[in-house]
Amino acid sequence: MDLITAPTTTATNSEVRVRFCPSPTGTPHVGLVRTALFNWAYARKTGGKFIFRIEDTDASRDSEESYEQIVEALRWLGLDWDEGIDVGGPNEPYRQSQRTEIYQEVIAKLKAAGHLYESYLSGEEIEARNLAAGRDPKMGYDNSERDLSDSERQRYIDEGREPALRLRVPDQDISFTDLVRGEITFPKGSFPDFVLVRPGGQPLYTLVNPVDDALMGITHVLRGEDLLSSTPRQIALYNALYDVGVAKFIPQFGHLPFVMGEGNKKLSKRNPESNLFLHRDRGFIPEGLLNYLALLGWSIAADRDIFSLEELKANFDVASVNPNPARFDQKKADAINSAHIRMLEDEDFANRVLPYLKSEGLISDQPTERELAIIRAAAPLLKERMIVLSESVGMLGFLLSEKAELEFEAEALASLDATAHDVVKAAHQVLQSVSNFAAEDIQAALNLELVEKMELKPRVAFGPVRVAVSGRRVTPPLFESMEILGKELTLARLEAFLQAH
RNA sequence: GGCCCCAUCGUUUAGCGGCCUAGGACGCUGCCCUCUCACGGCAGUAGCGCGGGUUCAAAUCCCGCUGGGGUCACCA
């Protein structure tokens with residue numbers, strides 16, 4: 001039993017089972033999200049199942065906080081799962097830290113069948129052996145304990161040593177057909193017998209990840225390219241698991257390209273743009289972020305790059321994933337997000353903006369009717385000119401404030417010239433006589449007075465008025481803004497401006 | 001270093017032997033629209049890493065080179 005004989009899965013469509021299995025060791029990362037997204041999309045496209053499992057076997061690095069953040073991230077993004085964390089399923093529990101008994105059973109089976117063997121050598125000793133044999137000391141383990149005699153073993157035990165457990169790797173080339181890269185072959189001898197269980201019995205990722213995939217019936221493993229070279233190891237393990245009846249087949253593998261940052265480096269936790277929650281705080285909406293992430297390695301059509309999650313679900317295919325790494329481009333991401341913001345219904349948009357306004361104290365925790373009315377009225381104006389939702393703070397501040405006196409941006413004041421006072425004065429005067437204070441009438445009145453009678457260029461006429469009303473140089477359209485403010489407050493703002501400037 | 005992966009405009013992506021004097025998008029530039037900013041419209045900018053093959057024909061297939069990346073843990 002030292003050749004790969006286990007069959008590869010033949011699962012199709014509704015039998016597809018994919019999984020997302022992060023280890024909770026930090027803030028959710030956009031690369032992680034992209035992996036989750038592709039797995040999710042593949043499950044939805046095929047009508048298969050998406051399983052969400054947590055790989056928390058390294059107590060020293062895992063944290064409960066990170067675990068909660070990952071769950072929160074998937075929920076926020078709307079990537080729902082059919083089995084796993086919180087929702088349960090036939091393969092509970094879905095946290096590896098709670099599955100130790102299962103692993104011990106599997107270990108016992110593998111050991112009994114002769115697939116594992118005890119390894120007592122330390123890292124230094126392995127290096128020393130390589131050195132002594134004239135090999136590169138970095139060459140790794142030489143499989144020298146495969147057939148330890150009883151007396152040799154006893155000697156180690158007498159020294160108080162505890163063995164790690166290694167897999168007896170078949171001595172043959174290992175090939176598989178990668179879903180995104182095609183056929184890949186690793187020549188025999190590419191890697192040594194590797195450790196699956198620590199001295200003391202604690203199982204490692206190298207064991208636990210394939211074991212859970214096998215027990216959970218995972219048919220397609222879509223994961224980062226960094227795991228490509230561990231695939232032949234896993235296939236070797238699968239073969240052993242198949243032999244002892246734990247695995248029914250070897251899954252298909254697909255290795256997704258990296259998401260890169262600046263330069264030519266993988267986007268790391270160092271890069272702020274890797275942090276999912278930073279994007280959320282800036283005001284990315286899930287639709288926009290997911291759309292952009294999907295574009296990193298995949299495309300829906302030759303001439304289109306804005307699409308909905310529904311369209312992703314209907315069209316996604318692993319086979320069409322591009323194998324080369326993609327850089328995360330904030331500008332492009334912004335453009336995609338702003339397109340999705342524009343597609344939002346006004347009411348939906350208004351609701352999504354609330355948290356940003358609350359966190360800046362622009363509105364109450366329980367928004368008043370007045371606040372809600374202003375936000376709703378401004379929604380269609382705002383949607384068109386926002387890249388991220390947090391911009392709503394600057395755009396809405398002057399509309400939500402009930403004060404006549406404003407704080408003026410330096411930039412806004414700098415845009416004023418000597419005529420500003422007179423212009424605002426004229427505007428104040430003519431607006432008093434506008435009885436129906438609606439955008440159209442406001443515009444008509446101001447246009448007649450400032451542009452026609454005073455013969456000012458529109459931008460010269462309306463610029464100072466905009467500053468007087470908003471304190472800003474860039475705002476939603478002026479006349480609509482005045483309508484939202486109402487006649488009284490508009491006039492009060494103009495008056496306050498005249499007194500101060 | 002061994003093994004593995006990758007290679008089209010600045011970025012992303014289309015292209016899977018002839019529809020390619022290489023298409024879209026973002027970015028950038030100019031113009032138009034215009035009360036600011038956006039949106040929208042129009043125009044422009046810029047690319048098949050190199051060398052060999054195969055073929056009537058190659059961005060597309062093969063080989064080599066170069067360059068980039070990953071991995072070789074008792075981490076995941």
In degrees between 0 and 90, to the nearest 10, how far off the longest principal axis of chain A does helix A:205-215 point, with axes built from Cα atoms? 90 degrees
What is the distance, in nm, between label points placed 7 Å from the Cα along the Cα-to-Cβ direction at residue A:314 and at residue A:343? 1.1 nm
Cα gyration tensor category, rounded, prolate or oblate, for the range A:200-257 with a/c compared to 1.5: oblate
Residue A:393 neighbourhood, Cβ < 14 Å, K/R = +1, D/E = -1, net charge -1
Residue span residue A:230 to residue A:441: 0.36 nm per residue of separation minus Cα-Cα distance leaves a gain in nm of 68.9 nm
If the chain between residue A:262 and residue A:154 were fully extended at 0.36 nm per residue, the gain over the current Cα-Cα distance would be 33.5 nm
Gyration tensor (alpha-carbon) shape descriptor, chain A, a/c threshold 1.5: prolate
How do A:490, A:46, A:368 rank when sorted from fewest to most other Cβ atoms within 10 Å of their own Cβ? A:368, A:46, A:490
Interchain or long-range residues, amide H under 5 Å from residue A:8's placed H: A:250
Charges on Cβ only, +1 for Lys and Arg, -1 for Asp and Glu, centred on the Cα centroid of the range A:390-501; of A:485, A:429, A:464, which one is farthest towards the dipole's positive end? A:464
Compactness index (Cα Rg / 2.2 N^0.38 Å), the range A:151-234: 1.35
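Using the 10 angstrom Cβ neighbour count as an exposure proxy, how do A:204, A:312, A:276 rank, fewest first? Write out the running numbers ahead of the final one.
Numbers: A:204 17, A:312 20, A:276 24.
Taking fewest neighbouring Cβ atoms as first place, the list is A:204, A:312, A:276.
To the nearest 20 debye, what charge dipole does chain A have about its Cα centre, counting +1 at the Cβ of each Lys and Arg and -1 at the Cβ of each Asp and Glu?
About 740 debye.
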Among rounded, prolate and oblate, which fits the range A:1-72 when a ≥ b ≥ c are the square roots of the eigenvalues of its C-alpha gyration tensor, a/c under 1.5 means rounded, and a/b larger than b/c means prolate? oblate
Residues A:482, A:260, A:139, sorted so that the one with the fewest Cβ neighbours within 10 Å comes first: A:139, A:260, A:482
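By how many nm would the segment from residue A:365 to residue A:3 lengthen if fully extended, with 0.36 nm per residue of separation less the alpha-carbon distance?
Length gained, residue A:365 through residue A:3: 123.8 nm.
Just add up the charged neighbours of residue A:39: K/R +1, D/E -1, any other residue whose Cβ is under 14 Å from the Cβ of residue A:39.
Numbers: positive: A:17, A:19, A:34, A:44, A:45, A:49, A:53, A:223, A:313; negative: A:80, A:82, A:83, A:213, A:317.
Every neighbour counted, the sum reads +4.
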Nitroxide proxy distance, nm - points 7 Å out along Cα→Cβ at residue A:455 and residue A:108: 10.1 nm
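Coordinate-derived values only; no laboratory data. For clarity, every value in this text was computed on a predicted model and none was experimentally measured. Note that we place each Cβ from the backbone using ideal geometry, even for glycine, and neighbour counts take in every protein chain shown.
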